[in-house]
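For reference, the structure discussed in these notes is given below.
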Amino acid sequence: MSAPIRIGILFGGPSAEHEVSCASALGVARALAGNGYRTVAIGVTRSGGFRLVPDAVLAELRDRPAAARAIDDRLTVTGPAVELRAGPRPGTVVVSAATAPGAVHAELDVVFPVLHGPFGEDGVVQGLLESLDVPYVGCGILASAVGMNKVAMKRALRADDIPITPHVAFDAQTYRQADDPEKLVVGLRRPLFVKPASMGSSIGISRVADGDDVAAAVEEALRHDQTVVVEQGVVGRELECAVLGGWRPEASAVGEVRVAGGWFDYQQKYFGDADPMVVPAVLPDEVTERVRELSLRAFAAIGGWGLARVDFLYEETTGELYVNELNTMPGFTAHSMYPKVWAAVGVGYREVVDRLVELARIRYAERAATATRSAR
């Protein structure tokens, strides 16, 4: 009988999406529990330190619903400080005491970085895991970086003739030197959506309608990033589709987000009382298939692997579809769309997680084989 696969769940982090990551980590832990895996939870504090979560704490919180803030308090402040080091065997990493590296707490076969936003979803932690030579779930360094940065992402999509909304982008210095911020958005019709270039979960985003102050929205975005993207709003429906796979990925059912107040903000996403998601979305068959096709094309355009959620704006009056963005580590909370759209086509949460772990190992094995051939 083979030993269980040992999976490290890495979560938390210094980004503004810390709480969301904690909630997602518990969802992943529930899916992995009892599925032939040995799980080790490693919380990344807001200051960037690694903490080993005691098994008893993880089991207690894993098996009961809890608010994200309560999860944050328990998961990232308990347990000893640890560090990750390359393991004694290729393809493994060890979790050792930060103050006594010889004291090994666990040896891991795969790392599941359930990290949202900067540090975790932008290629930074992926680079760390690559340097440690361990299989990890999700997109690699390049796809993560491109998917996280809205400017780079839009360039990649446009290069492959994937429809995107009209937009402009500028950095903080350009904005500060502008005599009139309105001139930076000339040619775009309101409402506008002003966003930090590298942030998720609707953090730092403002909707600017007629008569609203663009400058105030830009200042809010600049609190989170040094580059700002301003998009022309689309009056239509918000659709989402999930992608899962490697060289030949698959697209899920299509879901719709029914929003209040004009757009899907942070509060509605994670702390709203009502479930705003309709799965599957009620759409003409040709629109559903177009969304699924564009999702796969967008995933390929950024060089994706493992998973992504692709978000769309659908303008019913014209029939136009626009790819709004890709999220390379979408939320896995009870409110999250990613598991819901897969469940709608018969792929349950546990199967999704199983496939992601297997995809991580496949990618590692293929890269290892390529490196071996190159060395000969």
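Summary of values
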item	result
Degrees separating the helix 285-301 axis from the principal Cα axis of the chain, which is the longest one	60 degrees
Long-range amide H partners of TRP305 with built H, under 5 Å	CYS139, GLY140
The chain - percent relative contact order, Cα under 8 Å, separation 6 or more	16 percent
Surrounding net charge for SER206, when Lys and Arg each add one and Asp and Glu each subtract one, Cβ distance under 9 Å	0
Ordering of 173-186, 150-163, 294-307 by burial proxy (mean other Cβ atoms within 10 Å per residue, highest first)	294-307, 150-163, 173-186
Share of pairwise Cα separations in the stretch 179-245, more than 19 Å, in percent	36 percent
Average accessible area per residue (Å²) across the stretch 77-134 - probe 1.4 Å, nucleic acids and ligands excluded	37 Å²
Structure-based [θ]222 nm, the chain - -39500 (n - 2.57) summed over DSSP H runs of at least 4, per residue, nearest 500	-10500 deg cm²/dmol
Listed residues SER131, SER202, SER15, most fluctuating in the chain (Gaussian network, C-alpha, under 10 Å)	SER131
Count of Lys pairs (Cα-Cα under 20 Å; at least 8 positions apart or interchain) in the chain	6
Which label in (1) 56, 45, 40; (2) 63, 51, 45; (3) 66, 46, 43 gives the computed Cα extents along the principal axes in Å	(2)
log₁₀ of I(q)/I(0) at q = 0.18 Å⁻¹ - the stretch 291-376, Debye sum with one point per alpha carbon	-0.91
Separation of alpha-carbon centers, the stretch 156-175 and the stretch 192-242, rounded to whole Å	13 Å
Relative contact order of the stretch 115-255, pairs being alpha-carbon contacts under 8 Å that are 6 or more residues apart, as %	21 percent
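The values are calculated or read from the model by the stated rules, or taken from the named source; none is laboratory data. In this text the structure is predicted, and so the values were computed from the model without any measurement. Positions of Cβ are backbone-derived with ideal geometry, glycine not excepted, and every protein chain shown enters the neighbour counts. Heavy atoms of the whole protein, side chains included, go into the accessibility calculation; ligands, DNA and RNA do not. Shrake-Rupley method; radii C 1.70, N 1.55, O 1.52, S 1.80 Å.
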